[in-house]
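One structure is given here, and the rest of the page talks about it.
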Amino acid sequence: MSKTALITGATAGFGAATARLFVRHGWKVVATGRRRDRLDELVRELGEENLFPAVFDIRDENAMKEALASLPSEFSEMDLLINNAGLALGTKPAPDIQLDDWRIMIDTNVTALAVITQHLLPKLIERQGMIINLSSVAAHWPYPGGNCYGGTKAFVRQFSYGLRCDLHGTGVRVTSIEPGLCESEFTLVRTKGDQKAYDETYKGAKALQPEDIAETLFWVASQPAHINMNSIELMPVSQTWNPFRIYRG
Ligand code: 8X3
């Protein structure tokens, strides 16, 4: 019998690539997101017997609960939750940011992720399922302008580890995936549609692609039931760290 994954933020980037790969490997997918047209396109591409679109804003707890309560029975038993929905907004240093950008990142990357996870825990425990959370290299490695985004991703990583402690003995597995530079809509969102900044970010960089992340997630989900990958950090070869900066006053 095929397994079912719920993938949040499946309208583009990592989420859409992951939905495609899991369906290709025989999984059923509940794909969530705000943009109905994008999810409908995925349904047309992958088949309504394989992918169910659940349209809601991940930050709207009631809408999320309603949508998940009305899933058709063939999609309602979750084996895997992929918490992919998340975003970065802005690249400015902390004194210059727009506070609403920080609020949106915290509401989405932290609060919404924690709320949907807690909501699905009973189902995941019942089926000895798995949770894969999308964190980031920014969880470990600070960089200028990463401020609140990095903070939210550090939460995701530590929350994943904390879940593992609390789920001890249930058989539920939890993994934190921590990608570096990956070419996706993410950067257009971060720069608020600045195509030039997008092009400059990826120019000559041979960045990771959403399909690379999808392959990583599928590999994690394919491990035997006694193996828990705690975390995987991955970067393109072209990306490394900067030296410490010393301010000389
Ligand atoms: C974002 C990773 O390297 O683009 O999660 O800042 S990076």
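From the set of residues in segment 160-170 that are over 13 Å from the mean Cα position of the chain (by Cα) and touching a residue at least 24 places away in the same chain (Cβ under 8 Å), which is farthest from the ligand (Cβ to nearest atom)? Walk me through it before giving the result.
Within segment 160-170, the subset over 13 Å from the mean Cα position of the chain (by Cα) is 161-170.
In the following step, the residues that additionally are touching a residue at least 24 places away in the same chain (Cβ under 8 Å) were identified as 161, 163-164, 167, 170.
Values: Tyr161: 18, Leu163: 20, Arg164: 22, Leu167: 25, Thr170: 29 Å.
Only one residue tops the list, namely Thr170.
Matching residues to (1) modelled with pLDDT under 95; (2) over 30 Å from Ser2 (Cα atoms); (3) touching a Lys or Arg at 6+ places or on another chain (Cβ under 7 Å); (4) part of a loop (DSSP other than H, G, I, E, B):
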| position | (1), (2), (3), (4) |
| --- | --- |
| Pro144 | no, yes, no, yes |
| His168 | no, no, no, yes |
| Thr175 | no, no, no, no |
| Thr201 | yes, yes, no, no |
| Ile227 | no, no, no, yes |
| Gln239 | no, yes, no, yes |
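Filter segment 220-249 down to residues that are in contact (Cβ under 8 Å) with a residue 40 or more places away in the chain, within 16 Å of the ligand (Cβ to nearest atom) and over 20 Å from the mean Cα position of the chain (by Cα) and give me whichever is least open to solvent (accessible area, probe 1.4 Å).
The residue in question is Gln239.
For the subset of segment 105-135 comprising residues that are on the phi < 0 side of the Ramachandran plot and part of a loop (DSSP other than H, G, I, E, B), which member is farthest from the chain's Cα centre (by Cα)? Can you show your working first?
Initially, segment 105-135 is screened for residues on the phi < 0 side of the Ramachandran plot, giving 105-127, 129-135.
If we keep only those that are part of a loop (DSSP other than H, G, I, E, B) as well, we get 127, 129, 135.
Numbers: Arg127: 22, Gly129: 17, Ser135: 7 Å.
The extreme case among them is Arg127.
Of everything in segment 133-144, what is near the ligand (Cβ under 9 Å from one of its atoms) and over 17 Å from Ala114 (Cβ atoms)? Give them in sequence order.
Val137, Ala138, Trp141, Tyr143
Mind checking which pairs have a first residue in segment 22-36 that is over 10 Å from Asn50 (Cα atoms) and a second that is among the acidic types (Asp, Glu), Cβ under 6 Å, 6 or more apart or different chains?
If the second residue must be among the acidic types (Asp, Glu), the pairs left are Arg34/Asp57.
Before we move on, is Leu217 in contact with a helix residue (DSSP H, G or I) (Cβ under 6 Å, 6 or more places away or on another chain), modelled with pLDDT of 95 or more and either within 27 Å of Tyr161 (Cα to Cα) or within 14 Å of the ligand (Cβ to nearest atom) (or both)? Even if it seems obvious, please write down each step before you answer.
Values: in contact with a helix residue (DSSP H, G or I) (Cβ under 6 Å, 6 or more places away or on another chain): yes; modelled with pLDDT of 95 or more: yes; either within 27 Å of Tyr161 (Cα to Cα) or within 14 Å of the ligand (Cβ to nearest atom) (or both): yes.
It is true that Leu217 is in contact with a helix residue (DSSP H, G or I) (Cβ under 6 Å, 6 or more places away or on another chain), modelled with pLDDT of 95 or more and either within 27 Å of Tyr161 (Cα to Cα) or within 14 Å of the ligand (Cβ to nearest atom) (or both).
Since His140 meets every condition but one in (1) closer than 16 Å to Leu6 by Cα; (2) open to solvent by 50 Å² or more (accessible area, probe 1.4 Å), which condition does it not meet?
Exception for His140: condition (1).
Determine whether Arg20 is of a type outside the set (Ser, Thr, Tyr) and under 19 Å from Ser222 (Cβ atoms). It would help to see each step written out before you state the result.
On the way: of a type outside the set (Ser, Thr, Tyr): yes; under 19 Å from Ser222 (Cβ atoms): yes.
In short, yes.
Under 8 Å between Cβ atoms, which residue pairs at least 6 apart in sequence (or on different chains) link something in segment 76-90 that is away from the ligand (no atom under 16 Å from the Cβ) with a partner that is of a type in the set (D, E, K, R)?
Sorted first by the residue in segment 76-90, then by its partner, the pairs are Glu77/Lys123; Glu77/Arg127; Met78/Lys123; Met78/Arg127; Asp79/Lys3; Asp79/Arg127; Leu80/Lys3.
If you scan segment 191-210, which residues turn out to be open to solvent by less than 30 Å² (accessible area, probe 1.4 Å) and either more than 14 Å from the ligand (Cβ to nearest atom) or under 18 Å from Phe14 (Cα atoms) (or both)? Break it down stepwise before answering.
Pass one, segment 191-210, residues open to solvent by less than 30 Å² (accessible area, probe 1.4 Å): 197, 202, 205, 207-208, 210.
Residues satisfying the conditions are Tyr202, Ala207, Leu208, Pro210.
Given Arg173, Arg157, which one is crowded, with 18+ Cβ neighbours inside 10 Å and within 16 Å of the ligand (Cβ to nearest atom)?
Working: Arg173 fails: within 16 Å of the ligand (Cβ to nearest atom).
One residue alone meets the criteria, Arg157.
Test each condition in (1) in contact with a strand residue (DSSP E or B) (Cβ under 9 Å, 6 or more places away or on another chain); (2) part of a loop (DSSP other than H, G, I, E, B); (3) acidic (Asp, Glu) for Glu48 and report the one that comes out false.
(1)
The values are calculated or read from the model by the stated rules, or taken from the named source; none is laboratory data. Values in this document were obtained by computation on a predicted structure and should not be read as measured data. A quick note on method: Cβ atoms are made from the backbone with ideal geometry, for glycine too, and the neighbour counts reach across all protein chains shown. To get the accessible areas, we keep the full protein, side chains included, count just its heavy atoms, and leave off ligands, DNA and RNA. Shrake-Rupley method; radii C 1.70, N 1.55, O 1.52, S 1.80 Å.
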